[in-house]
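Laboratory data are not the source of any read-out in this text; all were calculated from the coordinates shown. Everything quoted here is computed from the prediction, not taken from an experiment. All Cβ positions, even for glycine, are placed from backbone atoms using ideal geometry, and neighbour counts span all protein chains on display.
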Amino acid sequence: MNQAPSLITMMQELIGTASVSSTAPGWDQSNRDVIEKLEGWLSGIGFKTEVLDVPDHPGKANLIATLGSGPGGLVFSGHTDTVPYDQGRWDSDPFKLHERDQRLYGLGTCDMKGFFALAIEAVKDFLDQPLKQPLIILATADEETSMSGAKALADLGRPKARYAVIGEPTGMKPVHMHKGMMMQRVKVRGQAGHSSNPALGNNALEAMHAVMSELLQFRKELQAKYQNALFEVAEPTLNLGCIHGGDNPNRICGHCELDFDLRPLPGMNNQELAGQIEQRLNSVADRFQIQLECEALFPGIPAFENRADSELVRLAESLTGHTAETVAYGTEGPFMQQLGMDTIIMGPGSIDQAHQPNEFIDLSQIEPSIAILKQMISRCCL
């Protein structure tokens, strides 16, 4: 049996292997090199490995690596992609691991390639012990964009296990609940014409003004109806993000587009919300006699909620000394739940460093994080 590289070597190689995912084709990259690197390390230390292509996403793949066999078991899950980076705003090469000020810097150190290195380091103590329940390391594609990797696994119905820990950067504090996310675009098409005579056209910007008013009224109604005091922002949010329309002051605007996002609370259904929005905006289209189209900018993330008294939440709380929390950002948690797993979000690093120039993980977090992962393996697999 081969040995996996040292922790620092694993982090250097993972950070040095570019795997940006982006909705912009010029940025988007394959994640297969990262998947194959992880597959080589894990198969070399005794894991049974499967590389699974993500349907309809060329160059994208998931990895299921399993040590041991049987029902139940524990999944350590992470995504292999990173967001794009700001060229020129980093103080060092984002694709080279740099140590300074008791921190490790690099793109993906906390979000979240570093988690794989820590998980594999934790596993090394258990390679010669017979596991009563399997340990699975799961690596996914495109979490930062479409979540196509996690969705493909949910559709496939694999892997099966009892528990799942998603190693997003939470400072090793367990998270048992987060909001969902929807990103929508509204397209309004009116009729261009000379601005000297409004009768010559049908102003798409004026219709969009009514669309925005309708969306803000919908937000007001949602926030009156839904509240969850466990969240820092206790109500669902709806943000009007960007708007584009028209081309000249002396032309009646013939076309306008608005992008917005909606972050629902647990208990709110994304599809139902999209249907309600479309119904309300269709009434605006009828009133202004314009063409209106609603479309999703990406498939969306359901809200995530695990019981505060679930076995895994209680175990994580006892091992970390932290009460399970809520966060506003989305994760692959809902898709692990769809596979029937008791799921939490918990990993090293801080979300405050994610998606930022000079992303880092504190060296002081590494050994305590590995120790907690070892305890989880011992409790769930031995």
Figure the gain on full extension for residue 375 and residue 259 (residue separation times 0.36 nm, minus the Cα-Cα span) and round it to one decimal in nm.
-> 37.3 nm
Note on the chain: helices (DSSP H) long enough, at least 24 Å by alpha carbon along their axis, and hydrophobic enough, mean Kyte-Doolittle at least -0.5, are 204-225
Likely footprinting exposure, 92, 369, 196, fewest C-beta neighbours within 10 Å first | 196, 92, 369
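Given N residues in the stretch 182-296, what is its alpha carbon radius of gyration divided by 2.2 N^0.38 Å?
In units of the globular-protein estimate, the stretch 182-296 measures up at 1.19.
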Projected-area mean, the stretch 101-229, by convex hull of Cα positions, square nanometres = 16.0 nm²
24 Å Cα-Cα reach of residue 48 towards lysines, excluding residues that sit fewer than 8 places from it in its own chain = 37, 60, 113, 124, 132, 151, 160, 374
Grab the beta carbon distance between residue 280 and residue 191, set R0 = 30 Å, and tell me the FRET efficiency rounded to 0.05.
-> 0.85
Extension gain, residue 48 back to residue 237 (0.36 nm per residue minus Cα-Cα distance, nm) | 63.7 nm
Determine, from the Cβ-Cβ distance of residue 93 and residue 23 and an R0 of 22 Å, the FRET efficiency 1/(1 + (r/R0)^6), rounded to the nearest 0.05.
-> 0.35
Under a Gaussian network model of the chain whose springs join Cα atoms within less than 10 Å, the largest fluctuation of 222, 297, 200 belongs to 200
Between residue 355 and residue 160, what FRET efficiency follows from the Cβ-Cβ distance if R0 is 35 Å, with the result rounded to 0.05?
-> 0.65
Using just the helices of the chain, give the 222 nm mean residue ellipticity in deg cm²/dmol: DSSP H runs with n ≥ 4 each add -39,500 (n - 2.57), and the total is spread over all residues, rounded to 500.
-> -9500 deg cm²/dmol
